[in-house]
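Colleague: Here it is, the structure, as structure tokens.
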Amino acid sequence: MLIVMKVKMAMLVGALAAPIVATTFALTPPPPSQDRAQRLVSTSFSYRAAGDFSRNGRPVEGPLRELRLPADLVIMKRQVTAAEYARCVDEGACLRVSTSAGAPNLPVVGVSWHDASAYAAWLSRKTGVNYRLPTDEEWTFAAAEKSRDEAMPLVDPTDPAQAWIARYETESARDRPAATAAQPGGTFGTNSNGLDDLAGNVWEWTNSCFVRVSLDGRQERTTNTNCGVRVVQGAHRSYMTDFIRDPRSGGCAAGVPPANLGFRLVMEPSQPIVTAAARNIAKLLRRS
């Protein structure tokens, strides 16, 4: 009797295992279509470090470095739309946001870092692909010529008042978008990497935390990391408290506040998917 049961179990496992093994190991979810994402080959690029930097107690600009991402970057060609975000809301995985009442094909705005992260987690579960917000370094690389290096003008380093005044004047002189409402995709052009609307009037959340760094001597020392404040990128870099949805209500840690808060996601390299059915069959095999 035991032998008969073993044979039946083997037949059942054999019938189920073939398609599941193919799904689990041979097939991984295809990357989004070309109108949805772009693969950017990793190359070196200039990057101005984000955060608040000081030397001998005086404010200075973050170091300008030559960086190279450790791997190619797959990033959404456009920002997540209101209709896409609404599907996450309908399934109860995202909170409804009141400031995205416009046309469904417009970028979703009025979302906090937590809202954007919840959408990334939901999309990852739906597709089996790991989506997340980009880091500030990744966003800068993807933005290419749309990324602005806003170094402060040179001032007397022994006069901290000059440094603060220079920073204030630089911030105040920034251009403000003529149109504050979210605009249709493509309104702000396509950059050299084939990505739409970077540096437009929708600032995009990143995963990078706000840091304070001392550059005393030859050492670079992080004195504070605040992940309750995240870097946002658009027409200029800014820093926003992570629960803020409408930048007009406050929460901007430094500089001229963004007009709108939205996001686009990056896709991690494909990993084999182990489905629940595959795990159950593995358990059956172990028991038999």
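Colleague: Please list 88, 227 from largest to smallest accessible area, probe radius 1.4 Å, with all protein chains kept in place.
Modeller: Details: 88 0, 227 55 Å².
These residues rank, largest area first, as 227, 88.
Colleague: Given H placed 1.01 Å from N in the peptide plane, which residues other than close sequence neighbours of residue 69 have an amide H under 5 Å from its amide H?
Modeller: Long-range HN contacts for residue 69: 43.
Colleague: Taking the Cβ of residue 187 as the centre, find all other residues whose Cβ is under 12 Å away and add up their charges (Lys, Arg: +1; Asp, Glu: -1). Please list the in-between numbers first.
Modeller: Numbers: positive: 78; negative: 196, 197.
Overall, the nearby charge balance is -1.
Colleague: Let me ask something else about it. In Å and whole numbers, how far do the C-alpha atoms of segment 43-132 stretch along each principal axis, longest first?
Modeller: Rounded to whole Å, the extents work out to 52, 30, 21 Å.
Colleague: Something else about it: In terms of modelled amide H atoms, which long-range or inter-chain residues lie less than 5 Å from the amide H of residue 106?
Modeller: 82, 83
The values are calculated or read from the model by the stated rules, or taken from the named source; none is laboratory data. What you see is a predicted model; the values in this text were computed from it and never measured. Methodologically, a virtual Cβ is constructed for each residue, glycine included, from the backbone with ideal geometry; neighbour enumeration extends over all protein chains shown. Side chains are part of the model used for accessible areas, which takes the heavy atoms of the whole protein and leaves out ligands, DNA and RNA. Shrake-Rupley method; radii C 1.70, N 1.55, O 1.52, S 1.80 Å.
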